[in-house]
Ligand SMILES: [Zn+2]
Ligand SMILES: [Zn+2]
């Protein structure tokens, strides 16, 4: 069933071919269904990958997956989310009944390839979105900060951080100062580690220093990071690579017993000598999506424990999506990448956001 009034949504038709179109507005029909009215949705690296043909999405799908919204309509089984409640949306559906879900690995749900909001299922660059109660996290009253829109990326970073063994004296480098790098650096700093962010783009590094001055220093290369941080004759203890292309370099600066966390999906290849990993007792760890950390991420953001409000550097109306992508170094009209302008998290805002229904 669909609502008689249509809604506006940003639809993927192919690389560099995104269009705002009218789509049927969803109803809550099942007992646990919730329709939310989207307030803002962040553009992330995945969206840029999809828009530029580096990452596959289903043609015809509504993009977008990092959102703050408010409850617009609920099914009869939802009794604890009054209409108007502000919520952070967990876009990563899991079925709860497949073998990975039943063994506590919901981030590897067997149905993931067909249910990923904004990739293979309709997402949140839209005025309304249909989900179920399980995937909504209410924002505590009075704490609707700009950074709440980072709930999804922060929960992914928290899942990655949980896979590391951390003690405060460790020295760390986070590679890539995009939003994921910023999430990791803020979490590792909160755990007491000393570290730097490594970012090759001077524009991005400069913008980050300005937007989040309290965060770790930003340097241009990994060797600079090692030079700045390591004790004489040693290397780094923890490296988080959010770029997906710096594995070989990262192995070169790790201390014996060091931990390398890989979270980038750039699809490159790397040549490594396994003996180097064995001989140095290196741990190479992967992490994808979030597992049991969504509520914690929302709580951390709501209570301001991580100084991330400055990470949202622009809000752009949904209709002007091309301008938003341009801020992040994607010229949709010309069909190519451009130099990023130094923005961190750019959000799209539907026209209905903030208006009475
Ligand atoms: Zn994302
Ligand atoms: Zn499952």
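Each reported figure results from applying straightforward, stated rules to the coordinates on display, with no laboratory input. Computed from a predicted model, the values in this text were never measured in an experiment. Cβ: placed from backbone, ideal geometry, glycine included. Neighbour counts: every protein chain shown.
Inter-part distance, the stretch 17-67 to the stretch 264-318, computed on C-alpha centroids, equals 22 Å. Given 37 °C and 0.692 mPa s, how large is the Stokes-Einstein diffusion coefficient of the stretch 226-357 in µm²/s, with Rh as the Kirkwood radius over Cα pairs? The calculation lands on 177 µm²/s.
Annotation: peptides 266-274, 69-77, ranked by per-residue average of other Cβ atoms within 10 Å with the highest first, follow the order 69-77, 266-274.
As a rough guide to protection, the peptides 60-67, 232-239 ranked by mean Cβ packing within 10 Å, highest first, stand as 60-67, 232-239. What share of Cα pairs, in percent, lie more than 16 angstrom apart in the stretch 124-193? Of all Cα-Cα pairs in the stretch 124-193, 60 percent lie more than 16 Å apart. When DSSP beta bridges are limited to those with both residues in the chain, what percentage is antiparallel, rounded to the nearest 5? So the antiparallel bridges in the chain amount to around 60 percent.
Here the Kirkwood formula puts the hydrodynamic radius of the stretch 86-169 at 14.7 Å, using every distinct Cα pair.
May I ask you to compute the full-extension gain from residue 277 to residue 221, defined as 0.36 nm times their residue separation minus their alpha-carbon distance, rounded to one decimal in nm? Let's see the in-between values first.
Details: separation 56, 0.36 × 56 = 20.16 nm, distance 2.19 nm.
Once the chain is fully extended between residue 277 and residue 221, it gains 18.0 nm.
Set the Cα radius of gyration of the stretch 164-286 against 2.2 N^0.38 Å, with N its number of residues, and you get 0.99. Across the stretch 164-286, Cα pairs under 8 Å and at least six residues apart give a relative contact order of 23 percent. May I ask you to work out the translational diffusion coefficient for the chain at 4 °C, viscosity 1.567 mPa s, via Stokes-Einstein with Rh from the Kirkwood sum over Cα pairs, reported in whole µm²/s? Diffusion coefficient, whole number: 62 µm²/s. Sorting the segments 33-41, 345-353, 81-89 by their residues' average number of neighbouring beta-carbon atoms within 10 angstrom, most packed first, yields 33-41, 345-353, 81-89.
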